[in-house]
Amino acid sequence: MHRFAAFTRLVALCLLLAAATPVAAELRVGDLDIFLNDHDVTVRIVLLGAVPPAFHEGIHSGIAAHTRVTVELWRYTRFFPDRLVTTRIVERSLTYNVVTKEYRVATAKGETRPPYVTRELRDAQRVLSDIGHLKLLPSSTLDPNDVFYVRVYADASLNGENTFLTRMAGTAEQTDRQSDYYTLARIQ
């Protein structure tokens, strides 16, 4: 009888987890602009909702918010799987100093920019979410007749933890987006 009770509790827990719906994700890739010019392949990305309201209490108590953006340049192949050309990862963190009441946005990976310090959360969110012009590779390394596209994977989390359970709790979010298809050659 004891085993049956434990089994029913386990089944009830599994059904509860399966029926639970995660918090509505607010993180999304708003702007995704690809520039294929004569010198570099450049991507401009803006995240919307990088610091959702569910993060505010954690940030103000001293827990850092992290964003990670993974940008992949893919070459389209008609009859075979597409080929990954290059990947760039940009990580940033947002911390709040309770004593000075300042927000600090610092680069953790993928960029070399000085930390940005402000007293306004809105300014910190703007700097955290605007990836700017990210150079992927020189365009001279690509075949002008090939077709390319960009995939962007973004996640935002408190304390850098992005798991199924943290997404269910509302302390992490993730999203992705794929661009249109591009070619370096001019189409007549």
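Segment THR118..ALA54, full-extension length gain: 21.0 nm, with 0.36 nm per residue of separation and the alpha-carbon distance subtracted. Spin-label model, VAL46 to THR70: label points 7 Å out along the Cα-to-beta-carbon direction sit 2.6 nm apart. PRE reach from ARG78 (point 7 Å along Cα→Cβ): which of the range 123-149 fall under 19 Å by backbone N? Backbone N within reach: 143-149.
Could you put HIS56, HIS66 in order, starting from the residue whose Cβ has the fewest other Cβ atoms within 10 Å?
HIS56, HIS66
Taken over the Cα atoms of the range 26-183, the convex hull encloses 112 Å³ per residue.
Throughout, read-outs are computed from the coordinates displayed, never taken from laboratory work. Since this is a predicted model, take the numbers as computed values, not measurements. Here the Cβ is made from the backbone with ideal geometry for all residues, glycine too, and neighbour counts use every protein chain on show.
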